[in-house]
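To keep things clear, I will list the structure first and then write my remarks on it.
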Amino acid sequence: MAFGPFLLLALMEGLVTAAVLALAASGLSLVFGVMRVVNVAHGEFYMLGAVLAWAVTTMIPGPPALAFLAAVLIAPVLVAALAAAADGLILKRLNYDPEATIVATIGLLYILQQAALSLYGPNANPVTAPFEWRIQLPWFGYSGYKLFVVLAAGLVLLGLWLFMTRTKAGLVMRATQVDRSTAQAFGINVDRVYMGTFALGAGLAALAGVLIVPIQQAQYLMGHDPLLLSFIVVIIGGLGSLRGTLIAALVIGLSDGVISMFFTPTLAKILATLLVAMVLVFRPQGLFGARA
Amino acid sequence: MALEVRGLTAGYGPVTVLRGVDFRAEAGQITCLMGRNGVGKSSFLKALMGLLPATAGTIALDGTPLHGLPAHEIPRHGLAYVPQGRRLFGPLTVAENLAVGGLVHGNDTATLAQVLTLFPRLRERLDQTAGTLSGGEQQMLAIARALCLRPRVLLLDEPTEGLQPSMIALIQEAILSLKAGGVAVVLVEQRVDAVLKLADRVAFMVAGQVAETMPVKGLTVDAEVFRTYVGV
């Protein structure tokens, strides 16, 4: 294949990575931004989304599109409910102390991972894509489902932005993000905001897991890479900045696609980590984060 | 209508800051809190709002107990707070800050219109982010945001600190109009001339307690009590 089409293919693959990464990382960014909690278990919510998608699609007979639609609707809601319970049972009891919650979410990571291993098993299982449509370009054919993932992620992120900027709940979350104590003085129930935020963040990660599973297969250890990449994206974009997260996801996703295809995936990860190191040295608050 | 506080004790962890505060604020009156730095004036306002947990004592508004309620429940009973240093939601616009203030009452347009009539300058700045306003405008917004709660008791912590004289006059005018509207105003203030101009009563705090409360009528700038309790 000539260089031009090869680059186009790499960019399209990168766009899929960026879309899924933006979804997962926006959840992590939201949780840190509003709650000041570094959620080390975030990748496990992504994994649970994928595993639950497999469970739902295997339980529902009929056309793959119907089963997948059910997975898209059910899995993120179940994961969000689990996260809300974890917030009430663990994080709230620690009074959302930043250091204690890091340790607690490391524990939660292992609990969720081992629970998945016990209940789901060690095997990787595929989920049938909801449709097999392919777009035929002059140089190569490309999965229509992958383009759907980009479109769906874009719509969800647009919805998230509208939710945060145009709704009362979004206003309450942004006010709590700026000043928890003052928010309480204006009648905002911060505990409820935190629970909703943690659930929303987990739900976004789970949705990313559902969308990726027809491409990658569901497996109990699949949460590690998205966690690492989400942290890379959130650190580069600026902790708590949704706009920065989206831009950083695009940069990391596209560069990952291009470098992986022209060189190796390992080099892509090395360069992304190097970029994080440079950001931490020269602009610790991230490209779009506010200075503490 | 009255805010009645009896034996309020509160602190930060093991450090007790308020040691049995007795205090009363009446509707349509301005009660000033004065005292040297560190005597617990700001902590007292925080404790009234539930932001500093009380370990003993009672707080009641018209006989309804407020002590022990979670902080987010207090504003629903009619207490509003303008903290020291304004504590605005800086990245949010003026309109959004006012909307947060009006959350408790569902952001009714009549209250917002009244508030913007009191501070017409804010009407021109509704889409501007709060953090980019001038100091005086930020203070106006901090008070306006609290007024969106339709308070029966307004707690103000040094609202004119660091402002230029023209802004101080505007803020003081607004406070007096709130008093005329029947709001009980509790004002932490360090400047004697402002206390004499605004207050009906003044409570002097010493070491986490109200040592003495008296009417302002008859006091002068060089009164002995100011030297004793404030050191001016």
Next item on the list: For B:SER42, tell me the accessible area in Å² from a 1.4 Å probe, rounded to the nearest 10.
Entry: 30
Margin query: Between the range A:44-101 and the range B:1-73, how far is it from one alpha carbon centroid to the other, in angstrom?
Written below: 44
Item checked: Inter-centroid distance (Cα atoms) of the range A:256-292 relative to the range B:183-232, Å -> 59
Item checked: Debye intensity ratio in log₁₀ form over the Cα atoms of chain B, taken at each q of 0.09, 0.14, 0.18 Å⁻¹ -> -0.35, -0.87, -1.40
Note to self: Under 8 Å for C-alpha pairs, at least 6 residues apart: give me the relative contact order for chain A, rounded to a whole percent.
What the structure shows: 37
Next item on the list: Find me the longest stretch of chain A that has none of the exposed chymotrypsin sites (Phe, Trp or Tyr not before Pro), where exposed means in a DSSP loop (not H, G, I, E or B) with at most 12 other Cβ atoms within 10 Å.
Entry: A:1-132
Note to self: I need the calculated FRET efficiency for the pair A:ASP97 and A:LEU73, taking r as the beta carbon distance and R₀ as 41 Å, to the nearest 0.05.
What the structure shows: 0.70
Notebook entry, point to check: Can you pull the mean other chain C-beta count within 10 Å for peptide B:81-87?
Noted result: 2
Notebook entry, point to check: Which Rg and Dmax, in Å, describe the Cα atoms of the range B:85-150?
Noted result: 10.3, 28
Note to self: Compute accessible area for the range B:64-80 by itself and then with all protein chains, 1.4 Å probe, and report residues whose area falls by 30 Å² or more.
What the structure shows: B:HIS72
Checklist line | Chains A and B together, accessible area buried on both sides, 1.4 angstrom probe, square angstrom | finding: 1700
Check: What is the helix-to-structure angle for A:42-59, meaning the angle in degrees between its Cα long axis and the longest Cα principal axis of chain A, kept from 0 to 90 and rounded to the nearest 10?
Finding: 60
Checklist line | Separation between Cα centres of the range A:116-195 and the range B:90-121, rounded to whole Å | finding: 31
Next item on the list: Could you order B:LEU147, A:LEU119 so the one with the most accessible surface comes first? Probe is 1.4 Å.
Entry: A:LEU119, B:LEU147
Note to self: What number comes out for accessible area per residue over chain A if the probe is 1.4 Å? Units Å², please.
What the structure shows: 44
Notebook entry, point to check: What is the magnitude of the charge dipole of the range B:47-126 about its Cα centre, with +1 placed on the Cβ of each Lys and Arg, -1 on the Cβ of each Asp and Glu, and no other charges, expressed in debye to the nearest 20?
Noted result: 280
Check: Computed on alpha carbon atoms, what radius of gyration and Dmax characterise the range A:82-147, expressed in Å?
Finding: 20.2, 58
Item checked: Sequence of A:GLU132, B:GLU161 when ordered by accessible area, the most exposed leading, probe 1.4 angstrom -> A:GLU132, B:GLU161
Margin query: Please compute the average number of Cβ atoms from other chains found within 10 Å of each residue's Cβ in peptide A:173-184.
Written below: 6
Check: Using Cα pairs under 8 angstrom and six or more residues apart, how large is the relative contact order of chain B, in percent?
Finding: 29
Next item on the list: Treat each spin label as a single point 7 Å out from the Cα along the C-beta direction, and report the B:ASP193 to A:LEU228 distance in nm.
Entry: 6.6
Check: How large is the helix-only mean residue ellipticity at 222 nm for the protein assembly as shown, computed as the sum of -39500 (n - 2.57) over DSSP H runs with n ≥ 4, divided by its residue count, in deg cm²/dmol to the nearest 500?
Finding: -18000 deg cm²/dmol
Next item on the list: Express the carbon and sulfur contribution to the solvent-accessible surface of the protein assembly as shown as a percent, rounded to the nearest whole number, probe 1.4 angstrom.
Entry: 63
Notebook entry, point to check: Hey, any idea what Rg/Rh is for the range A:220-274, computing Rh the Kirkwood way over Cα pairs?
Noted result: 0.99
Next item on the list: Would you mind estimating how fast the range A:3-282 diffuses translationally, via Stokes-Einstein at 37 °C and 0.692 mPa s with the Kirkwood radius over Cα pairs, in µm²/s?
Entry: 171
Next item on the list: Would you kindly find the accessible area of B:ASP222, with a 1.4 Å probe and non-protein molecules such as ligands, DNA and RNA excluded, rounding to the nearest 10 Å²?
Entry: 100
Checklist line | Distance between modelled label sites at A:ILE60 and B:ASP127, nm, 7 Å Cα→Cβ extension | finding: 4.3
Next item on the list: Using only Cα atoms, tell me the angle between helix A:242-262 and the longest principal axis of chain A; keep it within 0 to 90° and round to the nearest 10.
Entry: 30
Next item on the list: Calculate, for the range B:167-232, the solvent-accessible area per residue in square angstrom, rolling a 1.4 angstrom probe over the heavy atoms of the protein chains.
Entry: 44
Check: Roughly what % of Cα-Cα distances in the protein assembly as shown sit above 47 Å, to the whole percent?
Finding: 26
Notebook entry, point to check: Any idea what angle helix B:135-147 forms with the longest principal axis of chain B, computed on alpha-carbon atoms, 0 to 90 degrees, nearest 10?
Noted result: 80
Item checked: Sequence-distant residues sharing a close amide H with A:GLN217 (under 5 Å, placed H) -> A:VAL127
Next item on the list: Roll a 1.4 Å probe over the protein chains and send me the accessible area per residue for the range B:33-118 in Å².
Entry: 38
Margin query: For A:MET59, what accessible surface area do you get with a 1.4 Å probe? Give it in Å², rounded to 10.
Written below: 140
Notebook entry, point to check: the range B:102-232: D in µm²/s via Stokes-Einstein (Kirkwood Rh, Cα pairs, 10 °C, 1.306 mPa s)?
Noted result: 98
Notebook entry, point to check: Which residue, chosen from A:ALA65, A:LEU108, A:PHE198, occupies the Cα position most advanced towards the positive end of the dipole of the protein assembly as shown, where the dipole is computed from +1 (Lys, Arg) and -1 (Asp, Glu) charges on Cβ about the Cα centre?
Noted result: A:PHE198
Margin query: Quick check on the protein assembly as shown: of the DSSP beta bridges with both residues there, what percent are antiparallel, nearest 5%?
Written below: 60
Next item on the list: Among the trypsin sites (Lys or Arg not before Pro) in the range B:177-232, which ones are in a DSSP loop with at most 12 other Cβ atoms within 10 Å of the Cβ? Mind listing them?
Entry: B:LYS217
Notebook entry, point to check: By accessible area of protein heavy atoms, probe 1.4 Å, what ranking do B:GLU189, B:GLU4 get, highest first?
Noted result: B:GLU4, B:GLU189
Notebook entry, point to check: Amide H to amide H, which residues 5 or more places from A:GLY240 or on other chains are under 5 Å from it, using H placed in the peptide plane?
Noted result: A:GLY33
Checklist line | Approximate shape of the range A:34-163 as ellipsoid semi-axes (Cα gyration tensor, √5λ), whole Å, largest first | finding: 32, 19, 14
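The values are calculated or read from the model by the stated rules, or taken from the named source; none is laboratory data. Because the structure is predicted, anything quoted here is derived from the model rather than measured. Every residue, glycine among them, receives a Cβ derived from its backbone with ideal geometry; neighbour counts consider all protein chains shown. Just the protein is used for accessible areas: all its heavy atoms, side chains included, with ligands, DNA and RNA removed. Shrake-Rupley method; radii C 1.70, N 1.55, O 1.52, S 1.80 Å.
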